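All remarks here apply to the structure that follows.
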Amino acid sequence: MEGMELIFEGKPLKSFCFSMVFNIGWRHEPPELRGSLLRTFDDLVGILKKELPEYFDVSKHIDAEFSKLKVWGTSDEAESLLEAVHKVLALPPQIFLEIGGGLIFSVAAGAMKSEVLKELEKMKFPRPSKAPKVHIRPRNFFKTFNLSRLETIFLYSFLRETAGEVFLELSAIGDRIHYGKNFRLSPFHEISKYKDRFKASLAKQLETTEGTVDLLINLNIFKKEKVLIRDALEELENLDLLKKIDTIDKMFRRVSS
């Protein structure tokens, strides 16, 4: 049993957002357990809602290879989070035991008392018992091994606006950008014009506690070293994918072939 790893981004607001991140997603469900993950997370959402004030927002998100439970609430009642989280962590769901799932870290943003943060970090929970097996293999994708996580997010955002049907898949074995049958590549030189739009989009995201939590999760999932918002903002100032044109060009040639 270990204490919780918690990444916190303080903001002088009257609200907070908190998310628990798990190492399993829909690709890890074996055929005989298809749909079990969705039902399990529905149950966990129910536990949280039962313990939290009714006006708190509670949601789930199941990605390809990770999942998250997210709570938004007001700072003056953040302490109510403690009992709710404790009950979620108290007994691992059966599907977690079967496929090797578990909590790997949590993220919070906004205004939360230090006492609440300390109590969250003290909470004990079992680490995942084994690496979950991927049962549904990705198709039609290119890997972004030679790009940083922020560069991958930048490239994905650019393609989503200009090329159509794309999906960002963050994985323990390397990030991927998955594309659909309607994917159409735009001229790559257009990417140099996209940086200001991307910076503005990130600024808008970081103005909310939920957006900050989501970005921190995407920056940290499956990473060995903790990444903070200030690290990402420093990298953003020097972001220039045109310097990695050879890497990108190889990806694009694979998609076009």
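The values are calculated or read from the model by the stated rules, or taken from the named source; none is laboratory data. Quick caveat: nothing in here was measured; it's all calculated off a predicted structure. Here the Cβ positions follow ideal geometry from the backbone for every residue, glycine too, while neighbour counts run over all protein chains shown. Surface accessibility is based on the protein's heavy atoms, side chains included, excluding ligands, DNA and RNA. Shrake-Rupley method; radii C 1.70, N 1.55, O 1.52, S 1.80 Å.
Looking at 31, 90, 102, which one has the Cα that reaches farthest to the positive end of the dipole of the range 5-122 (charges on Cβ: Lys, Arg +1; Asp, Glu -1)?
31
Taking H placed 1.01 Å from N in the peptide plane, check which residues at least 5 places from residue 102 or on another chain put their amide H under 5 Å from its amide H.
23, 24
With n ≥ 4 as the cut-off for DSSP H runs, can you work out [θ] at 222 nm for the chain, using -39500 (n - 2.57) per run divided by the number of residues, rounded to the nearest 500?
Mean residue ellipticity, 222 nm, calculated: -12000 deg cm²/dmol.
Taking all protein chains together and a probe of 1.4 Å, list 11, 60 from the most accessible to the least accessible.
These residues rank, largest area first, as 60, 11.
Given a cut-off of 26 Å, name the pairs among 118/224; 68/143; 143/193; 113/199; 143/243 whose C-alpha atoms lie farther apart than that in the structure shown.
In this structure, 113/199 lie more than 26 Å apart at Cα.
Only four residue types carry charge here, +1 at the Cβ of Lys and Arg and -1 at the Cβ of Asp and Glu. Report the dipole size of the range 5-122 about the Cα centre in Debye, rounded to the nearest 20.
For the range 5-122, the charge dipole is close to 140 debye.
Which of these values of volume of the Cα convex hull per residue in Å³ was calculated from the structure shown: [x] 153; [y] 132; [z] 123?
Given [x] 153; [y] 132; [z] 123, the calculated one carries the label [y].
For the chain, with every protein chain kept in place, what is the accessible area per residue (1.4 Å probe, Å²)?
With all protein chains present, the chain gives 52 Å² per residue.
Ignoring any ligand, DNA or RNA, what whole percent of the accessible area of the range 1-117 comes from carbon and sulfur when the probe is 1.4 angstrom?
It is 53 percent, rounded to a whole number.
Using modelled backbone amide H atoms (1.01 Å from N, in-plane), which distant-in-sequence or interchain residues come within less than 5 Å of residue 15's amide H?
Close amide H contacts, sequence-distant or interchain: 75, 111.
Using the Cα gyration tensor of the range 86-218, with a ≥ b ≥ c the square roots of its eigenvalues, what is the shape: rounded (a/c below 1.5), prolate (a/b larger than b/c) or oblate (neither)?
The shape class here is oblate.
Please give me the summed charge of the neighbours of residue 132: other residues whose Cβ is under 12 Å from its Cβ, Lys and Arg +1, Asp and Glu -1.
0
Can you list the chymotrypsin sites (Phe, Trp or Tyr not before Pro) in the range 141-244 that are in a DSSP coil and have 14 or fewer other beta carbons within 10 angstrom?
145
How many Å³ per residue does the convex hull of the Cα positions in the range 1-91 occupy?
112 Å³
How much of residue 231 can a 1.4 Å solvent probe reach, expressed as accessible area in Å² and rounded to 10?
It works out to around 60 Å².
Give, in nm to one decimal, the length gained when the segment between residue 244 and residue 230 is fully stretched (0.36 nm per residue of separation minus the Cα-Cα distance).
2.7 nm
How big is the accessible area of residue 59 in square angstrom, nearest 10, if you roll a 1.4 angstrom probe over the protein chains?
50 Å²
Note down the net charge around residue 8, summing +1 for each Lys or Arg and -1 for each Asp or Glu among other residues with Cβ under 12 Å from its Cβ.
In short, +1.
Over what distance in Å are the Cα centres of the range 200-243 and the range 27-47 separated?
Using only Cα atoms to place each centre, the spacing works out to 29 Å.
Report the residues of the range 44-85 in range of a label on residue 14: point 7 Å along Cα→C-beta, backbone N strictly under 18 Å from it.
53-57, 72-79
Among rounded, prolate and oblate, which fits the range 140-256 when a ≥ b ≥ c are the square roots of the eigenvalues of its C-alpha gyration tensor, a/c under 1.5 means rounded, and a/b larger than b/c means prolate?
prolate
Nearest 5 percent is fine: what portion of the DSSP beta bridges confined to the range 5-122 is antiparallel?
80 percent
Past the 18 angstrom mark, what percentage of all C-alpha to C-alpha distances in the range 2-51 do you count?
Of all Cα-Cα distances in the range 2-51, 53 percent exceed 18 Å.
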